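J.: Sending over a structure as structure tokens; questions will come in a sec.
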Amino acid sequence: MVLLLNNRVKEIRKTLKLSQSQFGKKLCVTGAAISRIEKGDRAVTDQMAKAICNEFRVNQEWLIHGTGEMFQAFPSPLMEQLAQEFKLDELEQEFIQDF
């Protein structure tokens, strides 16, 4: 299971198009630490999992168990506010949600 979790960390980083160094910097760890996690040489701690979920809006269920969507849904009230303020059409709203 540890290897699967480590692979999901790599998948998040690749999806976000971040280097190991960039990804690690946002989590206050080195790129080398991220490399060790991705290789399975280092376990993902509960603290690291929480940091990944908080920093990158990752769905914790997906990160830990591999179920559900990779990213958390964008909060509806916030999307409605953005749509109204910037006069976003449906396509633009979908783009923002997907991003």
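The values are calculated or read from the model by the stated rules, or taken from the named source; none is laboratory data. The structure presented is a predicted model; accordingly, all values stated were derived computationally and were not measured. With ideal geometry, Cβ positions are generated from the backbone for all residues, glycine too; neighbour counts draw on all protein chains shown. Accessible surface is based on the protein model in full, side chains and every heavy atom, while ligands, DNA and RNA are left aside. Shrake-Rupley method; radii C 1.70, N 1.55, O 1.52, S 1.80 Å.
J.: Which one is farthest from Ile12 (Cα to Cα) among residues in the stretch 34-71 that are of a type in the set (S, T, N, Q) and in a helix (DSSP H, G or I)? First the steps, then the outcome.
T.: Taking the stretch 34-71 first, the residues of a type in the set (S, T, N, Q) are 35, 45, 47, 54, 59-60, 67.
Filter again for in a helix (DSSP H, G or I), leaving 35, 47, 54, 60.
Working: Ser35: 13, Gln47: 17, Asn54: 13, Gln60: 12 Å.
Checked the stretch 34-71; the qualifying residue farthest from Ile12 (Cα to Cα) is Gln47.
J.: Moving on. Output the residues belonging to the stretch 16-32 that are hydrophobic (A, V, I, L, M, F, W, C) and part of a loop (DSSP other than H, G, I, E, B). First the steps, then the outcome.
T.: Step one: filter the stretch 16-32 for residues hydrophobic (A, V, I, L, M, F, W, C), giving 16, 18, 23, 27-29, 32.
Selection gives Leu16, Leu18, Leu27, Cys28, Val29.
J.: Somewhere in the stretch 6-15, is a residue in a helix (DSSP H, G or I), in contact with a strand residue (DSSP E or B) (Cβ under 7 Å, 6 or more places away or on another chain), within 22 Å of Asp98 (Cβ to Cβ) and in contact (Cβ under 8 Å) with a residue 12 or more places away in the chain?
T.: yes
J.: Only one residue in Lys17, Lys87 is at pLDDT 95 or above and open to solvent by 80 Å² or more (accessible area, probe 1.4 Å), so which one is that? Give the derivation first.
T.: Values: Lys87 fails: at pLDDT 95 or above.
After applying the criteria, what remains is Lys17.
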